[in-house]
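Read-outs: derived from the displayed coordinates by stated rules, not from any lab. All of these numbers come straight from a predicted model, not from anything done at the bench. Methodologically, a virtual Cβ is constructed for each residue, glycine included, from the backbone with ideal geometry; neighbour enumeration extends over all protein chains shown.
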Amino acid sequence: MIRLDYRDARPIYEQIQDSLRHLVVAGALQPGDQLPSVRALALSLAINPNTIQRAYEALEQEGYVRSVAGKGRFAAPREQVDRARQEHLLRRFDSTAAELVFLGVSPDELTARLGRSQENREEGRP
């Protein structure tokens, strides 16, 4: 589910955050699926629970996770993902797409990759 790379320059909480975000985006975690408790995930990854807490809180702020008092954390319905997050990602996409075109990638290749990404999501593949 989550793999940590201690050679990665990113902090551990960001790696966890990115991994969980990817699982939600890829459809491996469906809306309403419960995430492991902070304690359980910390034990399985052999890291401090505060690190898991920090990643979960960031995902909650982004709208990917929702918290239910006394029940735990759950993958949020797609509608709850913050519009600001969408705008941020669209700006990053525009910048990345422009750079790829500059480097010689054709707009057709970009379109094809978007199509494959959607197909993978529909089939539950990352």
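A few comments on the model shown:
- Computed across region 85-126, the Kirkwood hydrodynamic radius from all distinct Cα-Cα pairs reaches 11.3 Å.
- All C-alpha pair distances within the chain, sorted into 10 Å bins from zero, spread as 12, 36, 34, 15, 3, 0 percent across the bins.
- A cut-off under 12 angstrom between Cβ atoms defines the neighbours of Pro11, and their net charge, with Lys, Arg +1 and Asp, Glu -1, is -2.
- Once the gyration tensor of the Cα atoms in region 12-78 is diagonalised, the equivalent ellipsoid follows with semi-axes of 17, 13, 11 Å, ordered largest first.
- Distance from region 41-60 to region 89-121 (C-alpha centre basis), Å: 32
- D (Stokes-Einstein, µm²/s), Kirkwood Cα radius, region 1-48, 1.306 mPa s at 10 °C: 138
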